[in-house]
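The values are calculated or read from the model by the stated rules, or taken from the named source; none is laboratory data. What you are looking at is a predicted structure, and each value in this text was computed from that prediction instead of being measured. Every residue, glycine as well, gets a Cβ built from its backbone with ideal geometry; the counts of neighbours run over all protein chains shown. Side chains included, ligands, DNA and RNA excluded: accessible areas come from the protein's heavy atoms. Shrake-Rupley method; radii C 1.70, N 1.55, O 1.52, S 1.80 Å.
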Protein chains: 2
Amino acid sequence: MRVLITAGPTREAIDPVRFVSNRSSGKMGVALAEAMVGRGHEVVLVHGPLAVAVPAGVVAVAVVTADEMYEAVAVWCMGMDAAICAAAVADYRPVRVAASKIKKGEGRMVLELEPTRDVLGSMRAGMGYGGVLVGFAAETEALVANAMGKLRRKGCDLVVANDVSREGLGFEVDRNEVILCYADGRVEELGEASKGELAGVIVGVVEGLVAGVGGGG
Amino acid sequence: MRVLITAGPTREAIDPVRFVSNRSSGKMGVALAEAMVGRGHEVVLVHGPLAVAVPAGVVAVAVVTADEMYEAVAVWCMGMDAAICAAAVADYRPVRVAASKIKKGEGRMVLELEPTRDVLGSMRAGMGYGGVLVGFAAETEALVANAMGKLRRKGCDLVVANDVSREGLGFEVDRNEVILCYADGRVEELGEASKGELAGVIVGVVEGLVAGVGGGG
């Protein structure tokens, strides 16, 4: 099958030097891409600045900002059998980007931020109302409730939820513990494992959803 | 000799997931550390999150925030023969850090930032008024004037200035073109070169300044 995977953070410029970003390393998305390639699938990987190397055997599309990721995904998602949005796209960006480096002053500085365009929210329509859409929800509280809300608002078939407030799991590190939230309301907890192991399980679930057998429930 | 080198960006948390940072990769500081080790010097490398590996043969002190870098430098700089501050320490940090992940809303969001403590500015006194102090100035305009101002305000012996607005040079990439600004007013332009080559030249200049022969003028 053909799969679009997004990975990594995006960066939103404050000035030519400074930016707002998040702690995503891209490891989970890259592990998913590797697992998909390993199962013989065609992968387009749209990725922000990664802390790990782009895996061999994928079509890699590098972006920096949320806006660039939105545009790249719009180009690539149509007709995909599945799309897995593991990227941690910036929700906010500075309203104004300074043309030259802001000099340090004595006092406080106010940075006004505006919402970015909703990448995951654009994909159900962008894929052509076919294909399996998988989102990720990185939460620090009310994990399943927030993930199920995201699933319904964005028209996902599956949301992979992880608690990023837990020490040693989630962002930046090699291990994670996730909860799979399905559109029919089922919730499946996967125990703590390496991102590679979790990627293998998630790829199996997505293959099942694409085949119409309802995944790992 | 014993040298303290700082490298990389710092990250200032907005909430458990998001942060403000800058485009420094740490490549210049790491190249300087490698060149110093290669010349038989003892190196303490205080570094933020790096895009490259910590070189072998250094004492590495990992930090995340500007405040952590300030504290680490205060501990390590006393009695050093030289200190080279190649880190791009955040000038501003959020006044308030949200305890849980800020949810995306419809409207704009205001982020209030406050100045961080001045790491380079603390070092002249911190080193015990001896030793050679080298700063870096990443500028997008008025390169030499800004660098010379920084040199005088911070009590540096040398400021290495680079124009980060130039495509393909400076932040993130492997090549740079810098201007050496000395305390006696001399200005020395080094042509475009790899960061490794520039590091070799800068190490030679610092060795000269430590030996009291006035560096590369």
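Taking the stated definitions as given, is B:Val173 of a type in the set (Val, Ile, Thr), out of contact with any strand residue (DSSP E or B) (no Cβ under 7 Å at 6 or more places or on another chain) and under 25 Å from A:Pro16 (Cα atoms)? Spelling it out, B:Val173 is indeed of a type in the set (Val, Ile, Thr), out of contact with any strand residue (DSSP E or B) (no Cβ under 7 Å at 6 or more places or on another chain) and under 25 Å from A:Pro16 (Cα atoms). Comparison of B:Ala211, B:Ala193, B:Ala199 shows that the only residue that is loosely packed, with under 14 Cβ neighbours inside 10 Å, at pLDDT 90 or above and away from chain A (no Cβ under 14 Å) is B:Ala211.
Looking at A:Met78, A:Met69 in this structure, which one is open to solvent by less than 10 Å² (accessible area, probe 1.4 Å), away from chain B (no Cβ under 13 Å) and not in a strand (DSSP E or B)?
A:Met69
Test A:Tyr129 against the criterion of being open to solvent by 20 Å² or more (accessible area, probe 1.4 Å) and out of contact with any Ser or Thr (no Cβ under 7 Å at 6 or more places or on another chain), and give yes or no. It is true that A:Tyr129 is open to solvent by 20 Å² or more (accessible area, probe 1.4 Å) and out of contact with any Ser or Thr (no Cβ under 7 Å at 6 or more places or on another chain). Step by step: first the residues of segment B:109-152, then only those that are in contact with a helix residue (DSSP H, G or I) (Cβ under 7 Å, 6 or more places away or on another chain) and among the β-branched types (Val, Ile, Thr), then the one that is nearest to the other protein chains (Cβ to nearest Cβ). Which residue is that? The selected residue is B:Thr116. For segment B:1-59, taking the residues that are basic (Lys, Arg) and more than 14 Å from chain A (Cβ to nearest Cβ), the one that is least open to solvent (accessible area, probe 1.4 Å) is identified as B:Lys27. Within the option set B:Arg166, B:Arg175, being away from chain A (no Cβ under 14 Å) and open to solvent by 30 Å² or more (accessible area, probe 1.4 Å) holds for one residue only, B:Arg175. Residues in segment A:15-53 that are farther than 30 Å from A:Glu112 by Cα, in a loop (DSSP other than H, G, I, E, B) and at pLDDT 95 or above: A:Arg39, A:Gly40, A:His41. Of the set (1) closer than 26 Å to B:Arg153 by Cα; (2) at pLDDT 95 or above; (3) within 17 Å of the chain's Cα centre (by Cα), all apply to B:Val95 but (3). Residues that are free of Cβ contacts under 8 Å to residues at least 40 places away in the same chain and assigned to a helix (DSSP H, G or I) were ranked within segment A:98-142; the one that is nearest to B:Leu120 (Cα to Cα) is A:Leu120. If you check B:Ala88 against the conditions, is it at the interface with chain A (Cβ under 10 Å from one of its Cβ atoms), crowded, with 22+ Cβ neighbours inside 10 Å, of a type outside the set (Phe, Trp, Tyr) and touching a residue at least 12 places away in the same chain (Cβ under 8 Å)? Yes.
Can you pull out every residue in segment A:133-153 that is surrounded by fewer than 15 Cβ atoms within 10 Å (Cβ to Cβ) and of a type in the set (Val, Ile, Thr)?
none
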